[in-house]
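Below is one structure, written out as structure tokens; the observations come after it.
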Amino acid sequence: MSSPTDVARLGEEVPLLEGIRTTRAIRRLRKDPVPEALVRKVCEAGTFAPSGGNRQPWHFVAVRDPERRAWIGERYRRAFHEYIAPAVEASRDPGFPEAKRRNLRAALHLADHIHEAPVHLFVAGWTRRGRPQLQALFPAIQNILLACRAVGLGASLTTVHQAFQREVDAYLGLPEEIPTCALIPIGWPEGRYGRPPREPVDGRLHWDHFSAEPE
Ligand SMILES: Cc1cc2nc3c(=O)[nH]c(=O)nc-3n(C[C@H](O)[C@H](O)[C@H](O)COP(=O)(O)O)c2cc1C
């Protein structure tokens, strides 16, 4: 898979709702490179997101250079371990739910191996009256995650880099008015996509008014 026709076709056949139901955080990634055309394709999906006043505030910075990924990885790892320490402590309790433990292990794996992910895709955006409008970027971010699912790439949404945001933004050459919002590590998955664990919608869907115990 590398000709322009292959890239153009890849993922086009995945039904939308099936893609949505089987998109999950893929944090175990192979080191093999990802074709530039595919990175472009998933970012293009990002550009079809809605945005206030159709401002299309997004910029995508795809970091492939190994030295730059090592620089980012070192800081991400440090910030993530600090952030996750209370959860790691809580997980020592034998009663800690197994699904949460698996999630934690995968997130720690990503933190320890993020420098090996072939693409660090940063989504950066827009400030209004000096305040970052991060919410303006999340529809684009979700489109990218779904597009990765469609073409068979592994990806996950991360925001822990915000702990060293100014430093990383300067490193990426972003001006202050275009701060990074998310870092999406992308690569070919080691495992497979599948349905993520979710509560049934019926407990969360309320008709006409909120009820603590919906039918
Ligand atoms: C706003 C936001 C920030 C997140 N930040 C991180 C992060 O920094 N690192 C990480 O490993 N996962 C991060 N995640 C991913 C969540 O942990 C993940 O979506 C959740 O565990 C569900 O995973 P699943 O879809 O595989 O079930 C973030 C998710 C959201 C929505």
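The values are calculated or read from the model by the stated rules, or taken from the named source; none is laboratory data. As the structure is a prediction and not an experimental result, all values here were calculated from the model. Cβ placement follows ideal geometry from the backbone for every residue including glycine, while neighbour counts extend to all protein chains displayed.
Points to keep in mind about this one:
- Single match in Pro196, Pro139 (criterion: out of contact with any helix residue (DSSP H, G or I) (no Cβ under 7 Å at 6 or more places or on another chain), within 13 Å of the ligand (Cβ to nearest atom) and farther than 21 Å from Phe48 by Cβ): Pro196
- Exactly one residue out of Ala37, Ala8, Ala85, Ala25 is farther than 24 Å from Ala163 by Cα and modelled with pLDDT of 95 or more, and it is Ala37.
- Selection over segment 185-202 of residues that are over 17 Å from the mean Cα position of the chain (by Cα) and surrounded by 12 or more Cβ atoms within 10 Å (Cβ to Cβ) gives a count of 0.
- Which listed residue, of Ala182, Ala155, is small (Gly, Ala, Ser), near the ligand (Cβ under 9 Å from one of its atoms) and surrounded by 20 or more Cβ atoms within 10 Å (Cβ to Cβ): Ala182
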